[in-house]
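The values are calculated or read from the model by the stated rules, or taken from the named source; none is laboratory data. Remember, it's a predicted structure, so these values are computed and weren't measured experimentally. All Cβ positions, glycine included, derive from the backbone under ideal geometry; neighbour counts span all protein chains shown. To get the accessible areas, we keep the full protein, side chains included, count just its heavy atoms, and leave off ligands, DNA and RNA. Shrake-Rupley method; radii C 1.70, N 1.55, O 1.52, S 1.80 Å.
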Amino acid sequence: LVCLHGWPSDHHHVEHDLEPLFEQRDGWRRVYPDLPGMGLTPGADTIRTQADMVDVVAGFVEAIAPGERYVVAGTSYGAYLGRWLTARHADRIDGFLAYVPAFRPDGGGVKPEPTVLVPDAEVLADLEPGEELWASANTVHSRQGLAGFRERLKPAFVRADHAFLARLDEQGAPAVPSPTRPAFPGPTLLLAGRQDSWVGYADAYAALEDYPRGTFAVLDRAAHGLSAEQPVLFRALVSEWLDRVEEYAG
């Protein structure tokens, strides 16, 4: 299971989301890379476009699991890269999880207006500089949510190579082609937040026909921080997806 994180983060937040699901589940090798320019992986002058980034990720998978079948999980930007992989390697991937997917990381698509359903004035009053980003990504404001941001996401944002990422961002993010026909056959879960003002949910729904074994779920009381805002539903849906992948892969 290759797990791809968001932008400009690192592997810690997706590891935190997914590892609890394997406490009672054996037989899975989980790999959590830091993408180039993020975490402990440096950027490189040879990576100039999103296509180059996909090539790097595909090459990484081949290096750690040469010739093997694999499963992809991605969140936000990581889901964008994962969708590219299902387009390229439809005959080699046994399942795909995309949660709060940025299938159009150029900012396109239909997105709801920012909404806070569970406000906490005291939490907002304690925000430090730069933490408004967390508030805008979540429709549920809580001490626990802010603590998780400070522990796993904020340090990654600071550590990222923003000059490298800005150069890459300037090149744009082309739309992902549909998986090679026939459509991607593996069990899929597309999981979106109803209040996600960053990437919305419409693009994930529009991709559903490319995944005939796909479950599409859009959760109320959830924005881009869905896994923290709706942890019970998140884990239930992902656990059911893992069951389907195990059944499919034999």
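Residues in region 220-250 that are without any contact (Cβ under 8 Å) to a residue 60 or more places away in the chain and under 16 Å from the mean Cα position of the chain (by Cα) were compared, and the one that is nearest to ARG92 (Cα to Cα) is LEU237.
Across region 62-79, what is the number of residues that are under 18 Å from PRO185 (Cα atoms) and of a type outside the set (A, V, I, L, M)? Show your work before the answer.
Filtering region 62-79 down to residues under 18 Å from PRO185 (Cα atoms) leaves 68-74, 79.
Subsequent filtering for residues that are of a type outside the set (A, V, I, L, M) retains 68-70, 74.
Total satisfying the criteria: 4.
Mind listing whichever residues of region 59-70 are assigned to a loop (DSSP other than H, G, I, E, B) and among the aliphatic types (A, V, I, L, M)?
Correct list: ALA65 only.
Kindly evaluate VAL56 against the criterion of being without any contact (Cβ under 8 Å) to a residue 40 or more places away in the chain, part of a helix (DSSP H, G or I) and not charged (D, E, K, R). Yes; evaluated as a whole, the condition is true for this residue.
With respect to TYR77, is the statement that it is aromatic (Phe, Trp, Tyr), over 21 Å from ALA206 (Cα atoms) and open to solvent by less than 20 Å² (accessible area, probe 1.4 Å) true? Considered against the rule, which asks whether it is aromatic (Phe, Trp, Tyr), over 21 Å from ALA206 (Cα atoms) and open to solvent by less than 20 Å² (accessible area, probe 1.4 Å), TYR77 comes out as no.
Taken residue by residue, region 214-223 has at least one member that is among the β-branched types (Val, Ile, Thr) and modelled with pLDDT of 95 or more.
Just the residues that are farther than 19 Å from GLU62 by Cβ, touching a residue at least 12 places away in the same chain (Cβ under 8 Å) and open to solvent by 90 Å² or more (accessible area, probe 1.4 Å), please, taken from region 24-46. LEU40, PRO42, listed by residue number.
Contact annotation: residue pairs with Cβ atoms under 6 Å, 6 or more positions apart or on different chains, pairing a residue in region 3-20 that is closer than 22 Å to LEU165 by Cα with a partner that is assigned to a loop (DSSP other than H, G, I, E, B) and of a type in the set (S, T, N, Q), are GLY6/SER76. Count of region 205-248 residues, restricted to those that are touching a helix residue (DSSP H, G or I) at 6+ places or on another chain (Cβ under 7 Å) and of a type in the set (Phe, Trp, Tyr), is 2. Of everything in region 88-133 that is at pLDDT 90 or above, open to solvent by 10 Å² or more (accessible area, probe 1.4 Å) and assigned to a helix (DSSP H, G or I), the residue that is nearest to TRP7 (Cα to Cα) is LEU133.
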